[in-house]
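The values are calculated or read from the model by the stated rules, or taken from the named source; none is laboratory data. Quick caveat, the model's predicted, so the values are computed rather than measured. Note that each Cβ is placed from the backbone with ideal geometry, even for glycine, and that neighbours are counted across all protein chains shown. The accessibility values were calculated without ligands, DNA or RNA, using every heavy atom of the protein model including side chains. Shrake-Rupley method; radii C 1.70, N 1.55, O 1.52, S 1.80 Å.
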Amino acid sequence: MNRTFGLILIAIGIIMFVWTGFSYTKKEKVLDAGPIEISADKEKTVNWPPYIGGIVLVAGVIIMVTAKKK
């Protein structure tokens, strides 16, 4: 179980280290006046610093090394 969790953390850490964020489009209502609705697409971004991916990667490696073998 711990080895599997360690592998998952390593994979997530590598992905977060290489891919430092993403953006998505959200439809927001601008005007709502009775039967008239006006909406606009707003682009939002989610970013994280690369060192967080490194921390997750190191945590996964530590879990893998300290996990007991069956």
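What to note about this one:
- Residue selected from region 53-70 under the condition open to solvent by less than 60 Å² (accessible area, probe 1.4 Å) and either over 13 Å from TRP19 (Cα atoms) or among the aliphatic types (A, V, I, L, M) (or both), by the criterion modelled with the lowest pLDDT: ALA67
- Selected residue [among the aliphatic types (A, V, I, L, M), in contact with a Phe, Trp or Tyr (Cβ under 8 Å, 6 or more places away or on another chain) and free of Cβ contacts under 8 Å to residues at least 40 places away in the same chain] from VAL46, VAL30: VAL46
- Looking across region 1-48, the residues that are of a type in the set (Gly, Ala, Ser) and either under 12 Å from the mean Cα position of the chain (by Cα) or within 30 Å of THR66 (Cβ to Cβ) (or both) come down to GLY6, ALA11, GLY13, GLY21, SER23.
- Test: residue in region 49-64 that is more than 30 Å from ASN2 (Cβ to Cβ), under 21 Å from the mean Cα position of the chain (by Cα) and outside any helix (DSSP H, G or I): no
- The residues of region 1-27 that are within 16 Å of ILE52 (Cβ to Cβ), loosely packed, with under 11 Cβ neighbours inside 10 Å and either touching a residue at least 60 places away in the same chain (Cβ under 8 Å) or of a type in the set (Phe, Trp, Tyr) (or both) amount to a single one, PHE22.
- Matching residues in region 23-70 - criterion: being small (Gly, Ala, Ser) and more than 28 Å from GLY13 (Cβ to Cβ): ALA33, GLY34, SER39, ALA40
- Checklist (1) in contact with a Lys or Arg (Cβ under 7 Å, 6 or more places away or on another chain); (2) loosely packed, with under 10 Cβ neighbours inside 10 Å; (3) of a type outside the set (Phe, Trp, Tyr) applied to LYS42, failing item: (2)
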